[in-house]
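Okay, so here's the structure we're looking at.
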Amino acid sequence: MKKNILLIFFITLISFNFNYITWSMPQEIIENSTTKNDLEINADAAILIDATTGEILYEKNSNKREYPASITKIMTALLAFESDKMTETITFSHNAIFGIEPGSSHIALQEEEQITMEQAIYALLLRSANEAALGIAEQIDGSVEKFAKHMTVRAKELGCKNTNFVNPNGLHNENHYTTAYDMALIAKEALKFQEFRNVIKTTYYEIPPTNKQEETRYLYGQHQMIKPPSIYVYEGCEGGKTGFTDEAQNTLITYAKRADTELIAVVFQCKGAQHYEDTIKLFDYGFSQYKTVKLSSIDDASQTIPVVKEKDKTAKISSVLAKSIDDIYKTVPINFDISKITKVVNCPENLVVPIYKNDTVATITFYYEDKPIKTVELLSDHSVILEEDAIAVSSQNDKKINTKKNLFFNSIFNVLIFAIICSIISFLITFMIYRFILWRRYKKRYFSKIKRKKRLKQK
């Protein structure tokens, strides 16, 4: 009986974990996450995704923890662009210059040397300069430790589930790890910045003389898939980031675009030139089997919905525009016929106040040959709140404030009463002790007198 109960418990637990993983993943990824066994990939872990839709086209051990090495610097660059500090000048500290491993990648920056954030990012991504990574981290968050925490928090915000960063350059640390899937999410986010796109496609860059260096620094990109006459040059490749440590071996993130289809490939634990060979195989497969199509623009998917009072649903008081966050795209097979697409908008006749900005108020579903292929939420473009509702909210807030004030003053009064009581008790205890000491002295003197009198009588 006990064995049966334990068996049922473990089956339930496994089922719960599976359902949790399934629910937590985007639906588009679930639909396309089957492994393509016809691809022979040498990498220990790899993934190929559509850069526009995020849909997975191929994966191998995509959620296995790996050491990323210098592809970590994609995240460092992302935070740099998000910090809006591109025009600032970095003055390199002693820790930034001497806080890297001897012999690791650098551009020979010196302590107290100054370069711009933009120049540091070119050094970071083209020459994988480790001291540049530390300088960027200190400029943004004040210390490498705080920046590393910032990296990990931002990764989680992007949907990363198995990532922990302890430095901004990827030098080996057992607690510094990520996965192919997580790095693909980070790489996808970085593409939102045109400055990032400009850097990764650059093969040559100059840093002019600085306050510490009289000569120009010449930076040459390392990614072989955009550097003729390399045998690995690939049509449509936009660049990326290389990485290597003894523990991680070769790692690589690469972007490529043909027509309207842009792909991201990530590979881990490759030997020799396998990281380029595997990436080319992934891109060949992706471009030959899939394409990205635009299902609808924001305007075409938008719907105007009346807003009414709850008591009188026939009286329109306003309206909202229900729209998608962005234009709607889908990754589809290469032979997909866009003319067979139909759409159905699931939209209520009206909405009842209050409505808040970015509330989900409708959905739109796209069909291909009567089969649903994508559903998108439509969000309210602004809030609609009745004046009396706003007053009610304000009144409730006032009550909360008054309640807090009352609690505050009541707490002070209680503290004062408690302090007075404690003082009285302390005084009484002190007085009693004092009286007791006096009584003991009196008693001692009294008995001493009696003894003296007895002695005198005896004499």
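Bear in mind that the values in this text are calculations on the coordinates, not laboratory data. The model shown is predicted, which means the values in this text are computed figures rather than measured ones. Counting neighbours? That spans all protein chains shown, and the Cβs are built from the backbone with ideal geometry, glycine included.
Within a Cβ distance under 11 Å of M117, other residues only, what is the Lys/Arg minus Asp/Glu net charge? All intermediate terms of the calculation are to be shown ahead of the outcome.
Working: positive: K85; negative: D84, E88, E118, E195.
Local charge sum for M117: -3.
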Next item on the list: Please count, across the stretch 268-323, the pairs of lysine residues with Cα atoms under 24 Å apart that sit 8 or more places apart or on different chains.
Entry: 5
Notebook entry, point to check: Expressed in whole Å with the largest first, what are the equivalent ellipsoid semi-axes of the stretch 176-280 derived from the C-alpha gyration tensor as the square root of 5 times each eigenvalue?
Noted result: 24, 18, 16
Next item on the list: Among the trypsin sites (Lys or Arg not before Pro) in the stretch 130-182, which ones are in a DSSP loop with at most 15 other Cβ atoms within 10 Å of the Cβ? Mind listing them?
Entry: K161
Checklist line | Counted charge near Q139, where neighbours are those whose Cβ lies closer than 9 Å (Asp, Glu -1; Lys, Arg +1) | finding: -2
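If you count, for each residue, the other Cβ atoms within 10 Å and average over each peptide, how do 109-118, 329-338 line up from highest to lowest? Numbers along the way, then the final one.
Numbers: 109-118: 17.6, 329-338: 15.6.
In descending order of packing, they fall as 109-118, 329-338.
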Item checked: Whole-number percent relative contact order across the stretch 138-232, with pairs defined as alpha carbons under 8 Å at least 6 apart -> 16 percent
Margin query: I need the phi-derived Karplus couplings for the stretch 124-138: 6.51 cos²θ - 1.76 cosθ + 1.60, θ = phi - 60°, integer Hz, Gly and Pro marked x.
Written below: 5, 8, 7, 10, 6, 5, 6, 6, 5, 4, 5, x, 4, 4, 5
Notebook entry, point to check: What order, most packed first, do the peptides 272-281, 126-135, 96-105, 162-171 have when packing is the mean number of other Cβ atoms within 10 Å of each residue?
Noted result: 126-135, 162-171, 272-281, 96-105
Margin query: How charged is the neighbourhood of S302? Take every other residue with its Cβ under 10 Å from the Cβ of S302, and add Lys/Arg as +1 and Asp/Glu as -1.
Written below: -2
Next item on the list: Pick out, in residue order, every one of the trypsin sites (Lys or Arg not before Pro) in the stretch 174-253 that is DSSP loop and has at most 11 other C-beta atoms within 10 Å; say none if there are none.
Entry: K192
Next item on the list: For the stretch 189-225 and the stretch 292-338, write down the distance between their C-alpha centroids in whole Å.
Entry: 41 Å
